[in-house]
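Below you'll find the structure, written out as structure tokens, and then a few comments.
The values are calculated or read from the model by the stated rules, or taken from the named source; none is laboratory data. This one's a predicted model, so the numbers in the text were calculated from it and none came from an experiment. Cβ sites come from the backbone with ideal geometry, for glycine too, and all protein chains shown count toward neighbours.
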Amino acid sequence: MTGLTESIESMEQLATVWRAMVLDREPGADVRDLPGLAVRWADCRFVFWNCVTLTEVTADPTLVERRLARAADIMRAKKHPGFLWLFENLLDGAARAGLADAVERAGLRLAFPGTGMAGDLLPVPDPAHPDLTFTRVRTDEQLRAYADINARAYGFPLEDARDGLAGSALWRNEVHAYLGLRGGSPVTCAATVEAQGRLFVVLVATLPEYERRGYGEAVTRKALHEGARTTGLTRATLHATAAGAPVYPRIGFVPNSPIRFYGLKG
């Protein structure tokens, strides 16, 4: 794939996966495909499920300015905060050069950077880690543990993360969500879900006190192994934060698309 093709893939994976994740949180779900914008906004307390993204390819500065303003208006109309996801490689050179000023004029601020990654890396071997056992999320209690690990890892209140996952039949039945247990206690988690012929990795997290022990990599490999075994898929994709980005190339993912996450100012 070319760099632009992979960036389009990364954006389309977001739009596909987030459609399911947001509709899972009904009522309140706003799933719309507007000119140049995909709205995937659960309007719940879990900020990652509140998303708008730009969808046009080689958008010029004038068009980007218009789309950013519309995205900001949509975000302001919501009860709960979220992010505009911007895949930089979808913009033309002039739009990328003027992006910081355009974002400022739209009333947005950079929250954090990320990276889209993909690879034809499946199947992967069933992983083993000397400290961990793995279990698939099937119960509300396990789902709550999954949410709580994400809350601790990303600095969210527990109730905010639980609002994104609590009671979800989708996550118990269709998402290949795994907990890594140390001494019987959940300390790390990762999930994969089928999306347009790919296996998408979502919500990887490890409790802060257990970072840098290979737990995140191990549980991600488990979610990939089981997802590929069930679906037969060979290509996987993900969106990594800066903290998680070093893990995934060790599994076989190749970075391809810089992403910027923007929130509203003030």
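On inspection, Val22 does not qualify as surrounded by fewer than 17 Cβ atoms within 10 Å (Cβ to Cβ), under 26 Å from Ala118 (Cα atoms), in contact (Cβ under 8 Å) with a residue 12 or more places away in the chain and not assigned by TED's automatic domain parsing to the domain that holds Phe200.
State which residue is modelled with the lowest pLDDT when the search covers only region 163-189 and only residues that are of a type in the set (A, V, I, L, M) and within 21 Å of Ala153 (Cα to Cα). Please lay out each step first, then the result.
Kept after step one, since they are of a type in the set (A, V, I, L, M), are these residues of region 163-189: 165-166, 169-170, 175, 177, 179, 181, 187.
Subsequent filtering for residues that are within 21 Å of Ala153 (Cα to Cα) retains 165-166, 175, 177, 179, 181, 187.
On the way: Leu165: 97, Ala166: 94, Val175: 98, Ala177: 98, Leu179: 98, Leu181: 98, Val187: 98.
Ranking the qualifying residues of region 163-189, first place goes to Ala166.
One residue stands out in region 148-168 among those that are free of Cβ contacts under 8 Å to residues at least 24 places away in the same chain and of a type in the set (Gly, Ala, Ser): the one that is farthest from Leu122 (Cα to Cα), namely Gly155.
Table: residues versus (1) polar (S, T, N, Q); (2) within 27 Å of Leu158 (Cβ to Cβ); (3) not assigned by TED's automatic domain parsing to the domain that holds Val202.
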residue: Asp33; (1), (2), (3): no, no, yes
residue: Asn50; (1), (2), (3): yes, yes, yes
residue: Glu56; (1), (2), (3): no, no, yes
residue: Thr62; (1), (2), (3): yes, no, yes
residue: Phe83; (1), (2), (3): no, yes, yes
residue: Leu91; (1), (2), (3): no, no, yes
residue: Ala102; (1), (2), (3): no, no, yes
residue: Leu108; (1), (2), (3): no, no, yes
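When each of Thr220, Thr234 is tested for being over 18 Å from His129 (Cα atoms) and among the β-branched types (Val, Ile, Thr), the lone residue that passes is Thr234. Residues in region 41-52 that are part of a strand (DSSP E or B) and either among the charged types (D, E, K, R) or under 25 Å from Ala95 (Cα atoms) (or both): Asn50, Cys51, Val52. For Thr192, the test of being closer than 25 Å to Leu158 by Cβ, buried (at least 24 other Cβ atoms within 10 Å of the Cβ), out of contact with any Ser or Thr (no Cβ under 7 Å at 6 or more places or on another chain) and of a type in the set (S, T, N, Q) is passed.
With the condition kept exactly as written, say whether any residue in region 152-169 is of a type in the set (Lys, Arg), surrounded by fewer than 21 Cβ atoms within 10 Å (Cβ to Cβ) and over 23 Å from His239 (Cβ atoms). No, every residue in region 152-169 fails to be of a type in the set (Lys, Arg), surrounded by fewer than 21 Cβ atoms within 10 Å (Cβ to Cβ) and over 23 Å from His239 (Cβ atoms).
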